[in-house]
Structures are given as structure tokens and as C-alpha cells.
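Notes follow once the structure below has been shown.
The values are calculated or read from the model by the stated rules, or taken from the named source; none is laboratory data. This is a predicted model, so every value here is computed, not measured. Here the Cβ positions follow ideal geometry from the backbone for every residue, glycine too, while neighbour counts run over all protein chains shown. For the accessible areas, the whole protein counts, side chains as well, though only heavy atoms, and no ligand, DNA or RNA atoms are used. Shrake-Rupley method; radii C 1.70, N 1.55, O 1.52, S 1.80 Å.
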Amino acid sequence: MHRFPDWSRRTAILLFWLFLWHLASLAVQNQILLVGPLDALKALAVQLASPASWGALWFSFGRISLGFFMAFLAGLLTGSLAFWKPLAGEILEPAIQFMKSVPVASFVILALIWTGAENLSVFISFLVVYPVIHINTLAGLSHADPGLLEMARVFRVPVWRQALSIYRISLYPYLESALKTSLGMGFKSGIAAEVIGVPGGSIGEGLYMAKIYLSTADLFAWTLMIIAVSSVFEKLFLLLLKTIAGNGVPGKEENHAASV
Amino acid sequence: MLLPSDPAFRVTVRNLTKSYGDSLVLDHVSLDLESGCPCCLMAPSGAGKTTLFRILMGLETADSGTIEGLEGRSFSAVFQEDRLLEGYTALQNIRFVTGRWYPAHELTAIIKHLLPEDSLKKPVSEFSGGMKRRTAILRAILAPADIVLMDEPFTGLDPDTKQQAARMINKYTAGKLLLFSTHSQEDAALLGAEILRLDENGGLCSPGI
């Protein structure tokens, strides 16, 4: 048990790291190698005041989110299909393994050839998120309580009601863990793809320009922006999931994510 | 609302045998069960009561023997474990099997006979073992079914709640085929049931067929 409230402890920890960062920047004494937190915040303030930055944020966030939503729906659909029809799962398995193991950079080059730079982050965030959702959907459905399923069979409970109760409840913790993992991955890889493809008016382009001009302050400012946006998106999406699918799910502490 | 009882029907079990590997669980069991005549299966632990229930419910198949009279019949059950949706309330658990068969207010009124009013809004994960058992009993007796099977339904109930549960079982299974298992003759008497005994090898000792 801690002596201080949760928020004050978290703030103190954050301040500790910011202080350490500040000390490190003072020690390095080189704005290109390591910019201090105050300079990074100044650069962030400049960016927030610029409509172009908001445009870049919207460009990247919109595309990465679109790829994420598409992957979420597709993973849910094909994961369920693989559960109900194992043959379909076997057919999909090589494609899932392929997506898991091929480096994101290879996909980025391929996507540049196929679709051009503009929709690159849609494609990449889809490819990164989809296997995680597919695998966890399959795992969650497979872990439905066999005792409850037998009970439902004896009482002749319609399949749709079983799906909305027994399967939904077993799926929820897996999906929640999968989302926590894949939301961050989707954003990171989407932005990384933009840095390689450099679509005009994107955060990736902003990061690329920061590299060209050796503007570490801008790099940090963009990074802070990405972290903030992806955290808000993650919290909102998890809240949405809880509202839609979390009813009747007993509290679970353990991590359910199937390894991907 | 009590369910309209079907015309009387009979289930006939003949020479039912079941083994798991070398272990003989049921040895040529024969039973005559009739709707409206509750039967109590008494047997030592491990004598095959649960296996017999599972075969009757269609969850397992017998190695040999026949069962007649189950065609088109619907089941409800109290399992050895409660098998409840832990995050759901008692009402939601019952609604899971009954659907909209009962109006919510009527179902709530029935539930209050066996569960305290302040528990109705809680998920069953917060219930005591006895309250969970009573929820499982309510679910079984309120489900629209011809055959009600109860595997040691009174486990974990104190004498008072056992009496209340027995009254509810008698009321809501009238006219249905009720088969339950217990270790206690008093439980059998509470439900006015005929006693059938399985010996430790899963053979029926009384009454003879």
C-alpha cells in the first residue's frame, strides 16, 4: 500500500524523468544530439499553433485509424470464421503467419509500389493490427467455458444468445488485451511507414523534415504529439469496447493476449 | 406463471452400460421414469449418477443399452457445478435460458422467493455458494422444459433455504419429469420422490425393474 494518492505518485514519477531528461540535455550541451524538455515543449507549442501541423495530425491519425478499424473488423470476422469453420482457419493460417513475420519495411516498399505514398499508413496499420486481432479473436472464442456451453446445449439456448453471452464474455478480455497491444503498434508502424514513404502533409513528412534539418526539438514535439494522440485514441476505443461488449464480464486481472 | 404440463409421458431406460477405459461406471442400469412422479437417485460418490444424467441429457453416449421416450422432449438441469454466467445477475442468468417466456416483473417476483431482494442487482460472482445454488435451481425450474434433471441440487443450502427451494421445485416441476440425485433421504422426502438406489458399481439395486 502506497502512502500517496495515485495521481500524485504518477506526477512525481513523470517529473523525476523530465528532470533526468533535463539534466541529460544539460550534460550533453548539444541541441542536435539531445534537446531538453523545455525546448521540446516550445517546439510543440509552435506546432500546435500551426494549422499545417493540425492538418498533418488529421492526415496521419485519420489514415492510421481507418486501417486500424478495418483490421479490427476483418480480424474479428476472420477469427470468428476460423473458430466456427476450422478449415477456413487452416486456409488463413499461412497468410496470418506471413503478415506476422514479414518486416514492416518490406510491406512499406511493396505498398509504395502498389498504392503510392498517400494511403500507405492505412495499409501498414491494417497489416500490423489484423493478425493480432485475428489470433486473439480465435483464442478468445476457443476459451469459452465448456461447462457453460454444455449448459446452453441442454437448455437449447439459441446460438445467437450463446454468442452474445458466453462467447462475448470469453472473447472480451482477449480483445481488450489485443487492442492494448495493437493500438500502439498500429500507430508506431503507421508513422514509421510515413517516414519511409513521405506522403505530403503527414506527420511522417514532419518527422522526415526534422531529420533533414537536424531539428531534434521538432522531432521530440512530433513524438509527443503522436504519443498523446495514440493514448487518447486507445483510451477512447477501449471505453467504446467496454460500453458495447463489456456488460456481464467478470473482473479479470490477468493478461489474456495470445502471443503473436 | 406455471407452465402448462404436457400429457403424462414415460422415459424407459434399459440395460444402460458405460465404461471409461477399464472403469465400469454404469452396469446394465434400467429405470422407468414418469412425468409427475419425482424420482430420487441415491448412490455413493462415483457410482455413476452424474454419468447417467449426462447420458440422459445427450451430453454423452452409452456403450450399450436403450433409452426410449426422450424424442422431442426438452430438458432443464441443475448441474453438479452451478454453471452460471458469473458477471450476470440472477435475473439475467434465468433470462439466458428462458428468453422472454416470463415478463420481467413476474420473474423478479418469483426470484424473490429464493433470493434476498438486495441481491437482485448484483452479479452472481458476488453471491455466496448457497445463493448461486438457488439461482441454478431457479433457472432449472423456470426454464420451459419437459424433463428436469438435478444433480445434488441442495448442495450448500441450509435447512431453511432447502425447504424453500423444495417448495419451489415441487410447485414449478409439477407434471414434469423430475429426476434428481442426493445423498440424503430427507431431501428425497422433501420432494416426495420415489428413491432409486445405484450401487457402487453403477448397477441399480432398488426398486427392481
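Table for the structure above
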read-out: Tally, over region A:105-147, of residues that are open to solvent by 20 Å² or more (accessible area, probe 1.4 Å) and within 14 Å of another protein chain (Cβ to nearest Cβ); value: 2
read-out: Scan of region B:133-168 for residues that are open to solvent by less than 40 Å² (accessible area, probe 1.4 Å), touching a residue at least 40 places away in the same chain (Cβ under 8 Å), out of contact with any Phe, Trp or Tyr (no Cβ under 6 Å at 6 or more places or on another chain) and of a type outside the set (S, T, Y), ordered by number; value: B:R133, B:A136, B:I137, B:L138, B:R139, B:A140, B:L142, B:D146, B:V148, B:E152, B:A165, B:M168
read-out: Residue list for region A:29-38, restricted to those being aliphatic (A, V, I, L, M) and at pLDDT below 85; value: A:I32
read-out: Pair list, Cβ < 8 Å and 6+ apart or interchain, from region B:63-92 residues that are within 15 Å of A:I166 (Cβ to Cβ) and facing another protein chain (nearest Cβ under 7 Å) to residues that are open to solvent by 20 Å² or more (accessible area, probe 1.4 Å) and among the small types (G, A, S); value: B:E86/B:S125; B:G87/B:S125
read-out: Scan of region B:83-97 for residues that are more than 16 Å from the chain's Cα centre (by Cα), of a type outside the set (G, A, S) and either closer than 14 Å to A:V157 by Cα or not in a helix (DSSP H, G or I) (or both), ordered by number; value: B:L85, B:E86, B:Y88, B:T89, B:Q92, B:N93, B:R95, B:F96
read-out: Per-region count, region A:195-216, residues part of a helix (DSSP H, G or I), touching a Phe, Trp or Tyr at 6+ places or on another chain (Cβ under 8 Å) and not aliphatic (A, V, I, L, M); value: 1
read-out: For A:A43: the one exception among (1) open to solvent by 50 Å² or more (accessible area, probe 1.4 Å); (2) assigned to a helix (DSSP H, G or I); value: (1)
read-out: Residue check, B:A143 within 14 Å of another protein chain (Cβ to nearest Cβ) and closer than 17 Å to B:A90 by Cα; value: yes
read-out: Residues being under 21 Å from B:I111 (Cα atoms) and crowded, with 19+ Cβ neighbours inside 10 Å - total across region B:169-179; value: 5
read-out: Of residues in region B:180-206 being assigned to a loop (DSSP other than H, G, I, E, B), open to solvent by 50 Å² or more (accessible area, probe 1.4 Å) and closer than 17 Å to B:P38 by Cβ, the one modelled with the lowest pLDDT; value: B:H183
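Every residue, every condition in (1) part of a helix (DSSP H, G or I); (2) at pLDDT 95 or above; (3) surrounded by fewer than 19 Cβ atoms within 10 Å (Cβ to Cβ); (4) among the β-branched types (V, I, T), yes or no:
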residue: B:V29; (1), (2), (3), (4): no, no, no, yes
residue: B:L33; (1), (2), (3), (4): no, no, no, no
residue: B:A47; (1), (2), (3), (4): no, no, no, no
residue: B:L52; (1), (2), (3), (4): yes, no, no, no
residue: B:G72; (1), (2), (3), (4): no, no, yes, no
residue: B:Q80; (1), (2), (3), (4): no, no, yes, no
residue: B:R100; (1), (2), (3), (4): no, no, yes, no
residue: B:L107; (1), (2), (3), (4): yes, no, no, no
residue: B:H113; (1), (2), (3), (4): no, no, yes, no
